[in-house]
Amino acid sequence: MTPVIQRRVQLGLLVVGLTITAMAFSLIVGCFKDDAAIESSKATVMAEVVSVDPLHAAVAFQTPDGSFHSPRFGLLYPTELSEDQRISVEYAAYNPDLARPTGRTAMLSIIPGLSVAFAGWAVVGLLMVVVAEFGRRSRGAEFGRRSRGAESAAQDGDDASAGDGQNVPAAAGGDTPAIDGESAGPAGAESGEESLSSR
């Protein structure tokens, strides 16, 4: 992984972390906004819990004008409810879709919202560390390949220099051929004595 790609991946992860944080704070701000809307025209009624899941609770209630309502997105703060339970519900008189169990407020959204933000940053931080470690190992492997290539090239150069040195002629101090018919060693000396005797 090149440094440029690593920076781009880490920048993308940073954007993801900021997006998760913005969503978490938007959730908290939205809950406070809904609470303010309910408080501005609060009405209270008994409601029946129709269905429950970990993130949603559907209820049905009748307003003073005789109309039945079931908020499209369920109750705000729907924890610790069970199906067929009858509970007191506070809702906005001008918009019955905004409803919450009596006594619950947006303060309950702070911990879940911050938990989502912290969990998001934990995952993003872990991924950034993994990407940094992968990039470091990639650069180390690339550096190792380049070093081995440089050493191989240097070794080839040394071998070539050694081969050229073996072609150098023998030193002057070594055995040299005889000049002008003279031969080296005892045989050459005897030949010289025979030549003198004949003279």
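The values are calculated or read from the model by the stated rules, or taken from the named source; none is laboratory data. In this text the structure is predicted, and so the values were computed from the model without any measurement. Note that each Cβ is placed from the backbone with ideal geometry, even for glycine, and that neighbours are counted across all protein chains shown. In case anyone asks, the SASA skips ligands and DNA or RNA and just uses the protein heavy atoms, side chains included. Shrake-Rupley method; radii C 1.70, N 1.55, O 1.52, S 1.80 Å.
Report ASP65's accessible area, 1.4 Å probe, all protein chains in place, as a number in Å² to the nearest 10.
110 Å²
Could you report the accessible area of GLU83 in Å², rounded to 10, computed with a 1.4 Å probe on the protein chains as they sit in the structure?
110 Å²
In the full protein assembly as shown, how much of ILE110 is accessible to a 1.4 Å probe, in Å² to the nearest 10?
We get 50 Å² for ILE110.
How do THR21, THR2 stack up against each other in accessible area, from largest to smallest, with a 1.4 angstrom probe?
Solvent-accessible surface, decreasing: THR2, THR21.
Would you please put 54-61, 67-74 in order of how densely packed they are, using the mean number of other Cβ atoms within 10 angstrom per residue and starting with the highest?
For the peptides 54-61, 67-74, the packing ranking is 54-61, 67-74.
Taking only protein heavy atoms and a 1.4 Å probe, what accessible area per residue, in Å², does segment 1-92 have with all protein chains in place?
Result: 61 Å² per residue.
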